[in-house]
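Throughout, read-outs are computed from the coordinates displayed, never taken from laboratory work. Because the structure is a prediction, the values reported are computed rather than measured. Cβ: placed from backbone, ideal geometry, glycine included. Neighbour counts: every protein chain shown.
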Amino acid sequence: MDNKTKGIIATVATVLLCGCPGLFICIFGILIAVGAPVTTTLNEQSSTQTFPPTYGFAMLCLSLIFIAIPIVVGFLTLRSKPAAPSNNEPIPPAA
């Protein structure tokens, strides 16, 4: 396996493991930050409540980190590295 293939695999894995959950956390964080009510049901009893907007803003910050991870991994693994200098030049004589 060459480095390009490993980079693609790493990028796809981080998108699935970090990028997608980051998007879902972002959406849920936006809903909490604007004060949307959350309804939970347990044993046929339903309760509706709102979370403090601070939780929503914290989730937005966390989601930005999760979304940035695949971007950084993709950049670092898929960028083209500069060519190594050629060693075919003759060595100058010692003075």
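Assuming a viscosity of 0.890 mPa s and a temperature of 25 °C, what translational diffusion coefficient in µm² per second does Stokes-Einstein assign to the chain, Rh being the Kirkwood radius over Cα pairs?
Taking Rh from Cα pairs, D becomes 143 µm²/s.
Which three extents, in whole angstrom, do the alpha-carbon atoms of the range 39-79 cover along their principal axes, largest first?
Computed over the Cα atoms, the extents are 53, 23, 7 Å.
How large is the helix-only mean residue ellipticity at 222 nm for the chain, computed as the sum of -39500 (n - 2.57) over DSSP H runs with n ≥ 4, divided by its residue count, in deg cm²/dmol to the nearest 500?
Calculated at 222 nm, the ellipticity per residue is -18500 deg cm²/dmol.
List I71, I91 from most exposed to least, where exposure is judged by having the fewest other Cβ atoms within 10 Å.
I91, I71
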